[in-house]
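Below you'll find the structure, written out as structure tokens, and then a few comments.
The values are calculated or read from the model by the stated rules, or taken from the named source; none is laboratory data. Predicted model, so just to flag it, every value in this text is computed and none were measured. Please note: Cβ atoms are built from the backbone with ideal geometry, for glycine as well, and neighbour counts cover all protein chains shown. Protein only, heavy atoms only, side chains kept; ligands, DNA and RNA dropped before computing areas. Shrake-Rupley method; radii C 1.70, N 1.55, O 1.52, S 1.80 Å.
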Amino acid sequence: MGYDYSPNEEAGNTAWDVWGGVGALTATSVAALPASSEAADAPRRLAAPLWVGALLLILSFLVIYPLLMLVFGALSDSNPVVDGFGNFKPSVKHFIDVLGNENVHLAFFNALAACGGGTVLAVVIGLAFSWIVVRTNTPAKRFIAGASMIPLFVPPLVAGVAWGILGSPKTGLLNIVLKWLDIDFRFNFYSMSGLIVVFGIYYAPYVYMFTASALRNMDPSLEEAAEIAGVGPVRTLFTVTFPLVAPAIISGMLLSFIVMLGIYGIPAVLGAPANISVLTTYIFKLTNWSPPLYSTAAAVAIILMVVTGALVLLQQRVLAGRSFITVAGKAFRPRALDLGPWRWLTLVLALLYLVIVVVLPTLALIVAAFRRFLFIPDAASLFDMRHYSLVHFESIFDNPLTMRSIWNTMEVGLVTAVLGGPLAFAIGYTVHRGSVPGRRVIDLVATLPVAIPGLVIGVAYLWAWIGLPGGLYGTIWILALAFIARFMPDTMKALSTSFLQIHRELEEAAWICGKGRLETIRSIVLPLARPGTIAAMTLLFILAIRELGSSLFLYTSETTVMAVLLLDYYEGGNIGKTAAFSLVQTVLLAVLIGVASWLSSGGTNSSVGRSG
């Protein structure tokens, strides 16, 4: 979630006020500063390690302890929390069984095939969109840029359900239309190709975010030199432009693959009917057997985490090499390539993508939600209003679990944002603005969950809290804590830009005026970083609402959230109820995103207005 927000004007006004106070200092008071600062250094030196220790303790509680318990669980048949560590006898039996299990091998290779194919498609779509938006004169580029980010806010389970309704081989709406048009072709999204297509079109925005930024910052004189040398625009694109942004392409590609690898909703809906098992669905199956095979699930989860972690390390190495992207020292503006009449083709392609990822799935959900029965004999039946009613909506709202799940979802999202936002602010400020020893360790632990899929977080928290006294398991709080840990890297990333925009001179000026660290944060940093803070908390709220993987192992009948209830409706076989509840969740998310955007823009305007 980005903002065209520059704090320069506001920062300048704040700096003027603070430096006005500095100018009032007399020569005597300046001469006395070393003595007073020396007296104040003692508590400040003590506060720094206490602050770092407190943050590390919180992060250990959120991240390290659950992961250690996951490892203990994979190495034993008993839960140390329940049975005590005295009976803990480590064994690699579960890892040996898992590594020798053909079902695990099949799930692993299916995951590689689905995520690998989806990543290739995501790179093609994301790179094409970034080039269209940044480097061409295609009309309505702002609209295209906004539309290309919409899939990020669609819950994976909702996307899977919608494309199941569209592309079912027998009853899919697309196939009914094709039959009506007498076209001898049928879609089948209950297949590996269906998984690849849905993964690719919904996770292309990750590639877009990386490559659009790189294309925007690349010196256009390199392309102009190729043009002067007689190289055509297409050849320049593939021999100059794309090679120069290769690190960004590879980074976006790896991130897309990592995210896909940890997704449960899409493979659960589109893969299960075709018996296509991936690692995430296999882990969930292990916990659903009777008796549940939690230790084996923990072993598979650790393998998935190791694979994801290796890919994250690879991504970081690629990012570290971004310095070889050529950026000139002089000011420049990205060159917009004049496509001539072809610009209308790129606009049509962008609109076609919007239709595929937004319009078609929404129409499919509307048809399935309002029709009494999904059986559609012919295309004309689609427009027969006698087949439509509110029966599915009445049914889901007659279920007391529906309103309870909506309330639980709002509650856990609010708790996650209220607790996770300030924690991310504290960690982000310590990492980006502080110089205390240990801040690198804090940064490492806080960003560790980027390598941990949501399903693995759920298994880890299950092992960590199921038998611990205090009653945390089975409450909203354990869901909120899991979501905070799961999305801490995303929240910090959203906050980092705000911290980097604020010049250190503002804080130094406040300290010279006698303001303490907390007062400086309250009066200087927080007002300037408020738009980014609101955006980060909003992002955390939205991510918590749509999260399924971490919830699967931590909910109870009293703490069921919307994502879990939607999965229950789907597994119950009632597509009408599933579609109706998917629409409810989608509308709720759209309203929340709209309100959040309005609040964020309003917050920015009011902040700038105060400084003016």
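Brief remarks on what is shown
- The stretch 476-489 residues that are closer than 17 Å to Asn408 by Cβ and open to solvent by 10 Å² or more (accessible area, probe 1.4 Å), paired with ones that are of a type in the set (Asp, Glu) and assigned to a helix (DSSP H, G or I) (beta carbon under 9 Å, 6 or more apart): Ile476/Glu411
- Selection within the stretch 241-292: residues that are among the polar types (S, T, N, Q) and in a helix (DSSP H, G or I). The member of this set that is surrounded by the most Cβ atoms within 10 Å (Cβ to Cβ) is Thr280.
- Residue match in the stretch 520-538 (condition: over 30 Å from Ile376 (Cα atoms), in contact with a helix residue (DSSP H, G or I) (Cβ under 8 Å, 6 or more places away or on another chain) and at pLDDT 85 or above): no
- Flag if Val357 is among the hydrophobic types (A, V, I, L, M, F, W, C), modelled with pLDDT under 75, surrounded by 16 or more Cβ atoms within 10 Å (Cβ to Cβ) and not in a loop (DSSP other than H, G, I, E, B): no
- Residue list for the stretch 423-478, restricted to those being part of a loop (DSSP other than H, G, I, E, B), modelled with pLDDT under 80 and either within 18 Å of the chain's Cα centre (by Cα) or of a type outside the set (A, V, I, L, M) (or both): Gly434, Ser435, Pro437, Gly438, Gly467, Pro469, Gly470, Gly471, Tyr473, Gly474
- Flag for His432 being touching a Ser or Thr at 6+ places or on another chain (Cβ under 8 Å) and closer than 20 Å to Leu539 by Cβ: yes
- Within the stretch 366-389, being among the charged types (D, E, K, R), out of contact with any strand residue (DSSP E or B) (no Cβ under 8 Å at 6 or more places or on another chain) and not in a helix (DSSP H, G or I) holds for Asp378, Asp384.
- The set of residues from the stretch 288-347 being out of contact with any helix residue (DSSP H, G or I) (no Cβ under 8 Å at 6 or more places or on another chain), modelled with pLDDT under 70 and either of a type in the set (A, V, I, L, M, F, W, C) or closer than 29 Å to Leu444 by Cβ (or both) comprises Gln316, Ala320, Ser323, Val327, Ala331.
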